1. Please list, by residue number, everything in the stretch 479-494 whose backbone N is under 12 Å from a paramagnetic label point 7 Å out along Cα→Cβ of Phe444.
2. Sort Cys358, Cys85, Cys210 so that the residue with the fewest other Cβ atoms within 10 Å of its own Cβ comes first and the one with the most comes last.
3. Checking the a/c ratio against 1.5 first, then a/b against b/c, what shape does the Cα gyration tensor give for the stretch 409-518?
4. Among Ala502, Gln446, Val483, whose Cα lies farthest out toward the positive end of the dipole of the stretch 409-518, if unit charges sit on the beta carbon of Lys, Arg (+1) and Asp, Glu (-1)?
5. Which percentage, to the nearest 5, of the DSSP beta bridges contained in the stretch 192-404 is antiparallel?
6. Short version: ³J(HN,Hα) in whole Hz for each residue of the stretch 360-369, in order, from phi by Karplus 6.51 cos²θ - 1.76 cosθ + 1.60 (θ = phi - 60°), x for Gly and Pro, what are they?
7. Please work out whether the chain counts as rounded, prolate or oblate from its C-alpha gyration tensor, where a ≥ b ≥ c are the square roots of the eigenvalues and a/c under 1.5 means rounded, while otherwise a/b larger than b/c means prolate and anything else oblate?
8. So how much slack lies between Arg499 and Glu370, counting 0.36 nm per residue of separation and subtracting their Cα-Cα distance, in nm?
Amino acid sequence: MPQLALAFQRYGLLGGAVVAGGVRHGDRLVMIDERGELSYRELDERTNALANAWRENGLESGEGVAILARNHRGFLEAVFAAAKCGARIVLLNTSFAGPQIREVAEREGTDLLVYDDEYSDTLKGIDDPPRGRFRAWAEDDGEDTLEALIQGGDTSGPPKPDEWPKITILTSGTTGTPKGAPRSDPRSLSLIGGLLSKVPFRAHEITELCVPMFHALGFMQAIVGVGLGSTLVVRRRFDPETTLDSLEEHKATAMVMVPVMLSRTLDLGEEAIKQRDTSALRIIFVSGSALGADLSERAMKAFGPVVYNLYGSTEIAYATIATPEDLADEPGTVGKVVRGSIVKLFDEGGNEVPAGECGRIFVGNLSQFEGYTGGGNKDMLQGLMASGDVGHFDDQGRLYIDGRDDEMIVSGGENVFPAEVEELLGAHDDIVEAAAIGVDDEKFGQRLKAFVVLRDGAELSEDEAKDYVKQNLANYKVPREVVFLDELPRNPTGKVLKRELAEPAEDEEAKTSNGKASSASKRSGAKASAK
């Protein structure tokens, strides 16, 4: 249709997607949130009004629009309005503290700020951007809300911007300061085609989108959903029981989660899941952190063969996807290479390694980022970008992640990756989850230090945890010490914040006098509370 071609020519793929949605899908629902229902036509008109209002406030193409918002219509309205203005869109992490917000706002260049009411205190002391700050989720009808601008705005399409939009998604910052990973408006749909060739997302269906949309996974799946004319069901905060109820109520065919969300859902118990009708669910799409063999098997047992596990990152986009068939054969795999991507493994000398051998993972596709906004890039080799992980392929072309290339330690002359020990401990009957980091050791150079969360009512001693590792892995992989925590510190997308685990413990009350710990005892470590 000429109208659709004109929309993409005018606003690019991101800005044009919502225009196309309004034309093709009209009154079909694009979103159901805590405010109610929103149609494709309404989203197009509301983002026109918002874009025109921002232009009247002086927003120009190429200027930065930072968005600090949870999952609700205001997030998408801000994104698409900024895209129609040709802005640089910066998606801020909702777990950031004030100093981090300030740092990122200055580094990324924020000319206009969109935020939810709940972050007002976080933003205190931050100067107003030149194009203003506006509230997305507001408890009142003030003039500084998106709703006020929309109600008073012109709903006709804004003029063509001087340039197409860019999107900057921040890295997770699990081991350091989050970095900005920008990418231009996509010039190709090849990666989305690769996704759809592996995962059976279909047009005009309903997706339960649990992942924060500021995260690479959540943002991409929101855009894919809009492109397919699907209905996105979102809430500002994840709750496993509410999610199960929603699956039944809306007959969702797909659910997008990070592994910790899936784990919390399964922890409700088999009976809680069976009480809801989830028969429409064809896809549980998981990414953001390691799924792991144990969680994969539990999920497939509870929901059936519907789990798809994506391996990728903010920087490299999609690399591989494990289908239910892959996971049934090998629960620990991250699957085969997605169409449109290239994945190769190299040793330290830059030589490609054969199947079965461990190597650094390098990825190539058309959707990779353009280098960090603060400077620097990922390592490159033969035109491919390092993922930051090491892994191996099996003889079926399935990829396995062995660990982070910057987390490997050398213990007594042997290479050790924490991920292997974390996976083993996480599969213990008394353990909910585990993490491990490398620490200095006078005798071996380095050893692992493990952090363990026990199941309710479980008891396990440090020696018992160590013996379990010793019975299953080589001696040099046994942790030097095991610390028991109430929960692992995580960011909003479920990744463990190992930089916090590495900070010195404030007390050693984690262990009782006899070295025994239980799920009810006080277990401490540096900043043990999840964020």
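Every number in this text was worked out from the coordinates using simple rules, so none of it is lab data. Given the structure is predicted, the values throughout are model-derived calculations rather than measurements. Reconstructed Cβ throughout: ideal geometry from the backbone, glycine too, with neighbour counts over all protein chains shown.
1. 479-482
2. Numbers: Cys358 18, Cys85 28, Cys210 23.
Ascending Cβ contact count within 10 Å gives the list Cys358, Cys210, Cys85.
3. Values: a/c = 1.39, a/b = 1.22, b/c = 1.14.
Cα axes put the stretch 409-518 in the rounded bin.
4. Checked the options; the winner is Gln446.
5. Details: 25 of 38 bridges.
That works out to approximately 65 percent antiparallel.
6. So the Karplus estimates, Gly and Pro as x, are 6, 8, 10, 10, x, 6, 8, 10, 6, 6 Hz.
7. Values: a/c = 1.65, a/b = 1.60, b/c = 1.03.
In terms of gyration-tensor shape, prolate.
8. Values: separation 129, 0.36 × 129 = 46.44 nm, distance 2.58 nm.
Here the answer is 43.9 nm.
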